Structure formats: structure tokens, C-alpha cells
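This report concerns only the one structure given below.
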Amino acid sequence: MMPFLLATAEAAHAAVAPSLTEQFGIEPKFVLMQMVSFLILFGTLYKFAIKPTLSTMDERNKQIGSGLKYAAEMQAKLAATQQETAALIKTAQLDAQKIVDESRKAAKELAERQQKDTADRVADMLAKGQQGIELEHRKMLDQARGEIARLVVTTTERVLAKKLTDSDRAAYNEAATKELASN
């Protein structure tokens, strides 16, 4: 490599007019030594500074790429999870609606059944009340008949002005009761 540099330096020296090198004070051997020093510095810097920096940058780029890939995967998983969650929520809403509908139906049936039971109880109570009224009515009629019969007998005794025997009283009572019963 060194001979090549020397040859290029001499070619450059020959091509440049002597006035230019004299004017600026350029010495080809110093230029050559400066170039060799620069190449040594460049090689050292490349090996110990630039190459490790580039490899670190490549490694970080790979990490960033894998991080972006992981983020994309996580975003896809998140989207899938959101879809599953939405499906579960929809299913839960449908189940809840079904439960509410069944509850309403059961409540309606219970209300109808209770209403029917209440109506049956009221009808039973009315029937019992009606029977009680009829029994009371019969009792009153029997009592009234008995009282009327007693009054008829008493009135008959007074009208006839005589005392009736027990058998006469019974016969008048029976006749009065039959007459009242037929009316």
C-alpha cells in the first residue's frame, strides 16, 4: 500500500506546478506522512469506535424491530380479546334479557294464580255467607212461625174465652204452621 501512496504523491507533485508548492510550502513527504497517520487513525477508530457503535446500533435496531413486532402481536391479541369480550357481553346481555323475560312470565303467572286463589276464596266466603244468611233466615222464619203459632193460640183462647188443652194447642199450632208454610 505504501508504494502506491508514494507513486500517487509523486504524480501529484509532478502535476502541480512548482510555484504552487513553493507558494503554499507543501512538502510531498509530509503530505504522505500525514496521509499514513490519517489512515492509521481511521483504521484504529473504525476498529475500536465505529464498528462497535454500528454493531450496537444494529442490535438496538433489532430490539426495536422485535419490540414493534411484539407490540403488533399484542395489539392483535388485544383486538381479539376485545372481540371476545364484546361477544361475551352480548351473550350475557341476551342471557340477562332471557332471565328478565322468564322472571316477568313467572311473576305474571304467580299474580294470575294469586288472583284466582283470591277470587276462589272470595267466592267461598260469599257462598258461606249466603249459607249463613239462609240458615239465619230459616231460624228467623221458624222462630216467627213459632211466635205466630203461639199468638194464634193465645188469640184463639181469648176469642173463644176458654182454656185449651195441650192437645188442642198442638193441633192449632200445627194447623197454623202448615198454613204459614204454604204461604
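The values are calculated or read from the model by the stated rules, or taken from the named source; none is laboratory data. Worth saying up front: this structure is predicted, and the values here are computed from it rather than measured. Glycine gets a Cβ as well: all are built from the backbone with ideal geometry, and neighbour counts include every protein chain shown.
Does the range 15-31 contain any residue that is aromatic (Phe, Trp, Tyr), in a helix (DSSP H, G or I) and at pLDDT 95 or above?
Within the range 15-31, the subset aromatic (Phe, Trp, Tyr) is 24, 30.
Next, from what is left, pick out any that are in a helix (DSSP H, G or I): 24, 30.
Pick out the ones that are also at pLDDT 95 or above and you get none.
Scanning the range 15-31 turns up no residue that is aromatic (Phe, Trp, Tyr), in a helix (DSSP H, G or I) and at pLDDT 95 or above.
Would you say LEU126 is among the aliphatic types (A, V, I, L, M) and farther than 30 Å from ALA181 by Cα?
The answer is no for LEU126.
Here are ALA149, ALA119, ALA144, ALA123: which of them is in contact with an Asp or Glu (Cβ under 9 Å, 6 or more places away or on another chain) and surrounded by 10 or more Cβ atoms within 10 Å (Cβ to Cβ)?
Exactly one of ALA149, ALA119, ALA144, ALA123 is in contact with an Asp or Glu (Cβ under 9 Å, 6 or more places away or on another chain) and surrounded by 10 or more Cβ atoms within 10 Å (Cβ to Cβ), namely ALA149.
Can you go through GLY25, GLY129 and tell me which one is over 27 Å from the mean Cα position of the chain (by Cα) and loosely packed, with under 10 Cβ neighbours inside 10 Å? Working first, answer last.
Details: GLY129 fails: loosely packed, with under 10 Cβ neighbours inside 10 Å.
One residue alone meets the criteria, GLY25.
Take ARG145 and tell me if it is in a helix (DSSP H, G or I), within 30 Å of GLU174 (Cβ to Cβ) and touching a Leu at 6+ places or on another chain (Cβ under 7 Å).
It is true that ARG145 is in a helix (DSSP H, G or I), within 30 Å of GLU174 (Cβ to Cβ) and touching a Leu at 6+ places or on another chain (Cβ under 7 Å).
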